[in-house]
1. Mind listing whichever residues of the range 65-110 are of a type in the set (Ser, Thr, Tyr), surrounded by 15 or more Cβ atoms within 10 Å (Cβ to Cβ) and over 13 Å from the mean Cα position of the chain (by Cα)?
2. Any residue in the range 35-48 that's without any contact (Cβ under 8 Å) to a residue 60 or more places away in the chain and in a helix (DSSP H, G or I): show its pairings with residues that are basic (Lys, Arg) and surrounded by fewer than 22 Cβ atoms within 10 Å (Cβ to Cβ) at Cβ separation under 7 Å, as long as the two are six or more apart or on different chains.
3. Looking at residue 89 and the list (1) touching a Gly at 6+ places or on another chain (Cβ under 7 Å); (2) among the hydrophobic types (A, V, I, L, M, F, W, C); (3) within 22 Å of residue 32 (Cα to Cα), which single condition is not satisfied?
4. For residue 19, which of the numbered conditions (1) surrounded by 17 or more Cβ atoms within 10 Å (Cβ to Cβ); (2) hydrophobic (A, V, I, L, M, F, W, C); (3) at pLDDT 85 or above fails to hold?
Amino acid sequence: MRPNLTQEPTRAAKSVLRLKVEDVRTTMDDSALAADILLELRDRVAAGGEGSLYGDKDEALRDLDRLIQSPSAGAIQGLLAPTANLQELSMEWGWGAEFNILAARLEKALGIA
């Protein structure tokens, strides 16, 4: 179950803990786990604000949609890179710590860590 980002901050804080505890989902294979993480990232970007000083929301959504349809380890590494569009958005919208956790889980699932 994905956290609802419109709920009060205490629930958002609990979602960070849930992400840390669920580092490995033994019931999912790696590709399903990677798809789930990409969908989680997409949900978070879609719920973000409209404007951004450094990141482009529409570009991030297009990139994520493309990777959900056709995952590529190289493209995912670029998407998760420090100072890349997605990380900039996550930091600006207050979920940078969660981004780092999701990125680490995604890299681990794809064997690119």
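1. None; the set is empty.
2. 43/2; 45/57
3. With (1) touching a Gly at 6+ places or on another chain (Cβ under 7 Å); (2) among the hydrophobic types (A, V, I, L, M, F, W, C); (3) within 22 Å of residue 32 (Cα to Cα) applied to residue 89, the lone miss is (3).
4. The single condition residue 19 does not satisfy is (3).
The values are calculated or read from the model by the stated rules, or taken from the named source; none is laboratory data. Just so you know, these numbers come straight off a predicted model, no measurement behind them. Note that we place each Cβ from the backbone using ideal geometry, even for glycine, and neighbour counts take in every protein chain shown.
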